[in-house]
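Written out below as structure tokens is the structure these notes cover.
The values are calculated or read from the model by the stated rules, or taken from the named source; none is laboratory data. Worth saying up front: this structure is predicted, and the values here are computed from it rather than measured. Cβ sites come from the backbone with ideal geometry, for glycine too, and all protein chains shown count toward neighbours.
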Amino acid sequence: MNIEIVNTGSELMLGRVLNTHQQWLCRQLADMGWVVSRQVAVDDTAEAIAAAVSEALRRADLVITTGGLGPTSDDRTRAVIASLLGVKLRQDEAVLARIQGYFTARKRPMVESTRVQALVPEGATVLLNQHGTAPGLVMQVNDPAGGPVRRLAMLPGPPRELRPMFTCQVAPLLRAAWGADTRFACRTLRTTGLGESLVEERIAPRLEPLTQAGLQLGYCARIGEVDVRLAAAGPNGSRVVAEAENAVRSLLGDWIFGVDDEALEEVVIRELTARRLTVATAESCTGGMISHRLTNVPGASAVFWGGVVSYANAAKELLLGVSPALLAEHGAVSEPVVRAMAEGARRRSGADYALAVTGIAGPGGGSEGKPVGTVFIGLAGPQDTVAARHLNPFDRETFKWATSQQALELLRRALLKQESPPA
């Protein structure tokens, strides 16, 4: 099936907003066995939207548009497509009632311009929006020349509205119309601690026979992580991917922390929960990033005690009990201090583990012995306290992310050595 995506929004063209739809939708469709053949982004003008959609409909079995369904003057997708297809817009009373109910439930006045979202092209199927006011729309488009019927799905722009709408409403419609291609298999193994070239060097030679048999092998590197993507199509696709996964696991072992969309913090929370253990944090240079990531995971409250952002030396002394003499002798960015931070956090929280970080985020503050990017990570646990030194010479935001990744990985590795209690 030929699928094309048209992302609308001048903010995309100006670089003011990151277009996450292209990645997310492609992933959802690929998991259903359909690979997107083309996608474009255009600004909010009627001419640009009409040209992009018209061109896509000449080629594709399915065209998905994102954005342009809201109540403001730059939301033109609905009207442009109705005009392009030669159909009228009519007010859908059920949609209007739902929009009115949305504002009533939130005790907010309904602006008159919001009513435009209840205008529906004739013949369109309405997709209810559980997280906003703009409904999605699905239409069948007949080929005047007698060709196959094409489908057009219009989705709202905000990801929190688009994603559940696609998952719960569009995907079932597509499966009913075309049936998912179960011959396509895809698996992503997520690693941390190894560079992309080293990952490839370790696994590529072993996977060569499988790539010749149809395995698609890909890598995606980001700060602190390298994903290994294994995909294959055809009647033997699942078998080929399973064989490849077994091979990669045997070669990379514990460097693999998760699969598919799993984040490192999710894995850490899961492992803590399975072992009935708790963790606290003491963060200096990351400013709460580790705690932020842990508390993004549902169920974290069962295992995460809390954290201290001890940015100033005085905070390290007052909140964690770090000795002023230790700070004076070694400096805040040092192994002795990060050990003291971790042990202080564990002692004062009563948690089973405590993670601590201290470092030089830059751009200033570095020295020959401790250049910008230097970071020390400490982990105090039931048996002992361990510490590691890293160099993360990045901008401040990236530095914080990389350091939080290294800290969570240090904890994950320690948990792997802990047996889970009996059920």
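Tell me which residues, restricted to region 163-212, are free of Cβ contacts under 8 Å to residues at least 40 places away in the same chain and under 21 Å from the mean Cα position of the chain (by Cα).
P164, M165, C168, G195, E196
Going through region 66-99 one residue at a time, which ones are of a type in the set (D, E, K, R) and either closer than 27 Å to N142 by Cβ or out of contact with any Asp or Glu (no Cβ under 6 Å at 6 or more places or on another chain) (or both)?
D75, R76, R78, K88, R90, D92, E93, R98
Looking at (1) crowded, with 17+ Cβ neighbours inside 10 Å; (2) in contact with a Ser or Thr (Cβ under 7 Å, 6 or more places away or on another chain), which is the one condition that is false for G299?
(1)
Give just the number: which of (1) among the hydroxyl-bearing types (S, T, Y); (2) crowded, with 19+ Cβ neighbours inside 10 Å; (3) in a helix (DSSP H, G or I) does T281 not satisfy?
Of everything listed in (1) among the hydroxyl-bearing types (S, T, Y); (2) crowded, with 19+ Cβ neighbours inside 10 Å; (3) in a helix (DSSP H, G or I), T281 misses just condition (3).
Residue under question is I223, and the condition is that it be at pLDDT 95 or above and out of contact with any strand residue (DSSP E or B) (no Cβ under 6 Å at 6 or more places or on another chain); does it hold?
It is false that I223 is at pLDDT 95 or above and out of contact with any strand residue (DSSP E or B) (no Cβ under 6 Å at 6 or more places or on another chain).
Which ones in region 330-387 are of a type in the set (S, T, Y) and under 24 Å from R276 (Cα atoms)?
Across region 330-387, the qualifying residues are S349, Y353, T385.
Run down E200, E265, E208 and say which single residue is under 25 Å from L408 (Cα atoms) and out of contact with any helix residue (DSSP H, G or I) (no Cβ under 7 Å at 6 or more places or on another chain).
E200
Pairs under 7 Å by beta carbon, first residue in the same structural domain as Q406 (by TED's automatic domain parsing) and at positive phi in region 268-283, partner surrounded by fewer than 24 Cβ atoms within 10 Å (Cβ to Cβ) and assigned to a helix (DSSP H, G or I), six or more apart or different chains?
Listed by first residue and then by second, the contacts come to nothing, as the list is empty.
Looking at region 53-67, can you tell me whether even one residue there is free of Cβ contacts under 8 Å to residues at least 60 places away in the same chain, surrounded by fewer than 18 Cβ atoms within 10 Å (Cβ to Cβ) and in contact with a Ser or Thr (Cβ under 7 Å, 6 or more places away or on another chain)?
Within region 53-67, none of the residues are free of Cβ contacts under 8 Å to residues at least 60 places away in the same chain, surrounded by fewer than 18 Cβ atoms within 10 Å (Cβ to Cβ) and in contact with a Ser or Thr (Cβ under 7 Å, 6 or more places away or on another chain).
May I ask you to list the residues in region 390-423 that are over 19 Å from the mean Cα position of the chain (by Cα) and either part of a loop (DSSP other than H, G, I, E, B) or among the acidic types (D, E) (or both)?
Result: N392, P393, F394, D395, K417, Q418, E419, S420, P421, P422, A423.
What number of residues in region 8-32 are buried (at least 19 other Cβ atoms within 10 Å of the Cβ) and out of contact with any Leu (no Cβ under 7 Å at 6 or more places or on another chain)?
Residues in region 8-32 being buried (at least 19 other Cβ atoms within 10 Å of the Cβ) and out of contact with any Leu (no Cβ under 7 Å at 6 or more places or on another chain): 5 in total.
Among the candidates E409, E419, which residue alone is more than 18 Å from G224 (Cα to Cα) and touching a residue at least 60 places away in the same chain (Cβ under 8 Å)?
None of the other options fit; the residue is E419.
Of (1) assigned to a helix (DSSP H, G or I); (2) within 16 Å of A153 (Cβ to Cβ), M1 satisfies all except one. Which?
(1)
What number of residues within region 11-56 are within 15 Å of T77 (Cα to Cα) and assigned to a loop (DSSP other than H, G, I, E, B)?
Count: 3.
If you go through region 372-389 one residue at a time, do you hit one that is in contact with a Pro (Cβ under 8 Å, 6 or more places away or on another chain) and either under 14 Å from A407 (Cα atoms) or not in a helix (DSSP H, G or I) (or both)?
Checked region 372-389: at least one residue is in contact with a Pro (Cβ under 8 Å, 6 or more places away or on another chain) and either under 14 Å from A407 (Cα atoms) or not in a helix (DSSP H, G or I) (or both).
Could you tell me which of the residues A342, A380, A361, A356 is closer than 20 Å to G307 by Cβ, in contact with a Phe, Trp or Tyr (Cβ under 6 Å, 6 or more places away or on another chain) and in the same structural domain as W305 (by TED's automatic domain parsing)?
On inspection, the qualifying residue turns out to be A361.
I'm trying to understand the selection: among the residues of region 379-401, which are touching a residue at least 60 places away in the same chain (Cβ under 8 Å) and crowded, with 22+ Cβ neighbours inside 10 Å?
The answer is F399, K400.
Can you pull out the residues in region 360-378 that are at positive phi and either under 29 Å from the mean Cα position of the chain (by Cα) or surrounded by 18 or more Cβ atoms within 10 Å (Cβ to Cβ) (or both)?
If the condition is that a residue be at positive phi and either under 29 Å from the mean Cα position of the chain (by Cα) or surrounded by 18 or more Cβ atoms within 10 Å (Cβ to Cβ) (or both), then G362, G373 are the ones that fit.
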